[in-house]
Amino acid sequence: MEQHFDAAHFLRGYQGKCEALHGHRFGVVVKIKASGLDDIGLAYDFTVLKQHLAGILSRFDHTCLNDVPPFDKINPSSENIAATIYGELKPKLAGAPVLLSCVEIWESPVTWVTYSQD
């Protein structure tokens, strides 16, 4: 599943251009794992997954991430964004017949990070 959000951020303590306020259209890719399918051939309802992810991303969209928890305390790096989304999404899938595999954050067409707890 893929969604995106638009936000500005700056990296505290970084020695380079990213120390200045700048923006991205962050691409977010969520991958789930299933060991089986239900009676109609689905592993998990993508509509439900989309709602869970949209609920998390809505508080980041069109903000300065440095002002939004937890990024008011930790750097809003792509790595921390991926870990935060993973940490918030994982409990929403508790009890579901799937496992959260990973969260990818794309900050440009050629720059991304993948976060998982495997």
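The values are calculated or read from the model by the stated rules, or taken from the named source; none is laboratory data. Note that this is a predicted model, so its numbers are computed, not measured. Here the Cβ is made from the backbone with ideal geometry for all residues, glycine too, and neighbour counts use every protein chain on show. In case anyone asks, the SASA skips ligands and DNA or RNA and just uses the protein heavy atoms, side chains included. Shrake-Rupley method; radii C 1.70, N 1.55, O 1.52, S 1.80 Å.
Some points to look at:
- Candidates per chymotrypsin sites (Phe, Trp or Tyr not before Pro) in region 1-90, loop by DSSP, up to 14 other Cβ within 10 Å: TYR14
- Helix 78-89 vs. the chain, principal-axis angle (Cα, 0 to 90°, nearest 10): 40
- Taken per residue, the accessible surface of region 75-118 reaches 50 Å², heavy atoms only and a 1.4 Å probe.
- Modelled label positions at ARG12 and LEU42, each set 7 Å beyond Cα in the direction of Cβ, lie 4.2 nm from each other.
- Site-free segments of the chain were taken between trypsin sites (Lys or Arg not before Pro) in DSSP loops having at most 13 other Cβ atoms within 10 Å, sites themselves excluded; the longest one is 13-58.
- Degrees separating the helix 46-57 axis from the principal Cα axis of the chain, which is the longest one: 20
- Candidate values (i) 32.0, 99; (ii) 14.5, 49; (iii) 15.2, 54, label of the one derived for Rg and Dmax of the Cα atoms in Å: (iii)
- Here is how the number arises for the chain: DSSP H runs of 4 or more residues each give -39500 (n - 2.57), the sum is divided by the residue count, and the result at 222 nm is -6500 deg cm²/dmol.
- With each label modelled as a point 7 angstrom along the Cα→C-beta vector, the GLN51-GLU19 pair spans 4.6 nm.
- The count of lysine pairs in the chain whose Cα atoms are under 28 Å apart, excluding pairs fewer than 8 places apart on the same chain, comes to 13.
- Cβ-based charge dipole, region 1-71, positive-most Cα from GLN3, ALA34, ALA20: ALA20
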